[in-house]
């Protein structure tokens with residue numbers, strides 16, 4: 001009896017093949033395994049970010065508002081200070097008061113020609129004549145014109161225009177103290193030509209229709225004084 005023949009070429013391998021489909025008996029087990037799910041609260045983060053953004057905007061607006069108010073306040077104060085300074089430097093009319101009776105004085109300031117003109121009326125209480133005073137700072141002269149007696153008392157002026165202007169400004173708040181005591185230097189009146197040459201056109205025009213004399217300020221009454229006046 002002949003043995004059976006085996007052909008190797010037609011031999012098939014019976015290796016198991018794996019696929020992605022799980023077996024039925026494992027499928028139920030896989031369904032039972034819990035799956036870890038990670039959730040991100042996106043909406044909460046958006047709300048927090050929005051609140052933080054709004055808070056920053058409010059802070060920024062507050063800082064900008066305060067800064068703007070400070071800048072406006074500084075600008076306003078600077079403008080007021082500048083206006084006040086310019087106003088004081090270029091004021092032309094002042095209302096002052098003279099002596100213990102606080103007689104009203106009207107003062108006009110000529111900044112261009114460095115002149116200060118002041119006048120007050122006759123006062124019976126203080127026995128003060130009506131005086132028109134001209135301060136000529138370029139010539140350093142002051143002329144007191146007695147309107148009642150039509151006499152000009154001319155004296156030297158020992159201050160600058162800037163100092164005199166500040167002094168007259170102070171008389172708006174505080175009354176001008178009682179005036180000076182003047183003594184006549186010479187009995188002879190000043191000639192018109194001399195007055196024009198020494199006093200220039202402003203003093204000359206101020207005293208043109210009056211009799212002018214040279215006077216000097218004194219602090220004590222002296223017997224040698226030919227005439228003493230209070231201005």
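The values are calculated or read from the model by the stated rules, or taken from the named source; none is laboratory data. If you're wondering where the values come from, they're calculated on a predicted model, not measured in any experiment. Don't worry about glycine lacking a Cβ; one is built from the backbone with ideal geometry, like all the others, and counts go over all protein chains shown.
Given (1) in contact with a strand residue (DSSP E or B) (Cβ under 6 Å, 6 or more places away or on another chain); (2) at pLDDT below 85; (3) crowded, with 18+ Cβ neighbours inside 10 Å, identify the lone condition not met by residue 225.
Going through (1) in contact with a strand residue (DSSP E or B) (Cβ under 6 Å, 6 or more places away or on another chain); (2) at pLDDT below 85; (3) crowded, with 18+ Cβ neighbours inside 10 Å one by one, residue 225 breaks only (3).
Let's see how each residue does on (1) in contact with a helix residue (DSSP H, G or I) (Cβ under 6 Å, 6 or more places away or on another chain); (2) exposed (fewer than 14 other Cβ atoms within 10 Å of the Cβ); (3) within 26 Å of residue 111 (Cα to Cα):
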position: 159; (1), (2), (3): no, no, yes
position: 166; (1), (2), (3): no, yes, yes
position: 180; (1), (2), (3): no, no, yes
position: 186; (1), (2), (3): no, yes, no
position: 193; (1), (2), (3): no, yes, no
position: 215; (1), (2), (3): no, no, no
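Considering each of 176, 89 in turn, give the residue that is modelled with pLDDT under 95, surrounded by fewer than 17 Cβ atoms within 10 Å (Cβ to Cβ) and either within 16 Å of residue 217 (Cβ to Cβ) or touching a helix residue (DSSP H, G or I) at 6+ places or on another chain (Cβ under 9 Å) (or both).
Details: 176 fails: surrounded by fewer than 17 Cβ atoms within 10 Å (Cβ to Cβ).
Only one candidate qualifies: 89.
Being assigned to a loop (DSSP other than H, G, I, E, B), at pLDDT 95 or above and in the same structural domain as residue 113 (by TED's automatic domain parsing) narrows it down to one residue among 138, 158, 148; which is it? Before the answer, list the steps.
Working: 158 fails: at pLDDT 95 or above; 148 fails: at pLDDT 95 or above.
Result of the check over 138, 158, 148: 138.
For segment 116-140, what are the residues that are in contact (Cβ under 8 Å) with a residue 60 or more places away in the chain and in contact with a helix residue (DSSP H, G or I) (Cβ under 6 Å, 6 or more places away or on another chain)?
134, 136, 139
Going through segment 147-168 one residue at a time, which ones are free of Cβ contacts under 8 Å to residues at least 40 places away in the same chain and under 20 Å from residue 128 (Cα atoms)?
Kept after step one, since they are free of Cβ contacts under 8 Å to residues at least 40 places away in the same chain, are these residues of segment 147-168: 147-149, 157-160, 162-163, 166-167.
Matches in segment 147-168: 147, 148, 149.
Please determine whether any residue of segment 64-76 is at pLDDT below 85 and assigned by TED's automatic domain parsing to the domain that holds residue 157.
no
Cβ-Cβ below 6 Å, separation at least six or inter-chain, first residue in segment 191-212 and free of Cβ contacts under 8 Å to residues at least 12 places away in the same chain, second surrounded by 15 or more Cβ atoms within 10 Å (Cβ to Cβ) and in a helix (DSSP H, G or I): which pairs?
That search, which allows pairs on different chains as well, returns 196/204.
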